[in-house]
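Q: Here it is, the structure in full.
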Amino acid sequence: MRVRLIAAVVATALTAHAPAWAASGSASSEPAEGQPGFSLSDFKLVTAQDLYDVCTVEASDPNVAVAEAFCYGYFTGGKHYHDEVAAVSPMGPIACPPAPATRQELVVVFVDYLKRNPQRAGGRPMDVIFEAIGAQWPCPTKP
C-alpha cells in the first residue's frame, strides 16, 4: 500500500510540474517532423538519429537542459543494462574500455560513430550505441 501511495504522489508531482510542451507534444521552436535537427518528437527515440538529435541539441535551444538530461539518462540506463547483462552472460561484455567510461565519453563515441556511419541512423538507438562502443573498445577474443 505504501509503495502505491508513493508512486501516486510521484506521478502527481511529475504531472503537475511538467512543462507545457511535454503535455502538448510540440513546441514552436522545433522543426517539422522528419526534418534534420532536434525536435521534441526525437524524445520518442524511434531511431538512432533521434538520439543523435537529442544528444547534439544546440546550446541556444530552449529545451537544451531537458535534452541533455534525457540523453545522459538514456546512456546511464544503457550502461547499467550492459553491465548487468555482461555479468551473467557467457558472452561477456560488448565493450572493454581501458577504464570505466563516463557518460560523456559514451555520448561522444556514439555521436562520432553515427557521423562516420550515417547508414546506421535508422537503427534502434541502443543497438547503435552498443555497436559504437564495441567498435571503439573491442574486448579481447576468448580462446
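Readers should treat all values here as calculations from the given coordinates under stated rules, not as data from a laboratory. The model shown is predicted, which means the values in this text are computed figures rather than measured ones. Positions of Cβ are generated from backbone atoms using ideal geometry, with glycine treated the same way; all protein chains shown enter the neighbour counts.
Q: Express the Stokes-Einstein translational diffusion coefficient of segment 33-136 in µm² s⁻¹, to the nearest whole number, given a Kirkwood radius over alpha-carbon pairs, 25 °C and a viscosity of 0.890 mPa s. Each step should come with its number before you reach the end.
A: Working: Rh = 14.1 Å.
It diffuses with D of about 174 µm²/s by this estimate.
Q: Work out, step by step, the length gained on full extension between T56 and R116: first 0.36 nm times the residue separation, then minus their alpha carbon distance; give nm to one decimal.
A: Values: separation 60, 0.36 × 60 = 21.60 nm, distance 1.53 nm.
Difference between extended and current length: 20.1 nm.
Q: What is the spin-label model distance, in nm, from D127 to V88 if the labels are put 7 Å beyond Cα along the C-beta direction?
A: Each label point lies 7 Å from its Cα, and together they span 2.4 nm.
Q: Now a separate question. Order these peptides, 50-56, 136-142, by their mean beta-carbon neighbour count within 10 angstrom, highest first. Numbers along the way, then the final one.
A: Values: 50-56: 22.3, 136-142: 11.1.
Descending mean neighbour count gives 50-56, 136-142.
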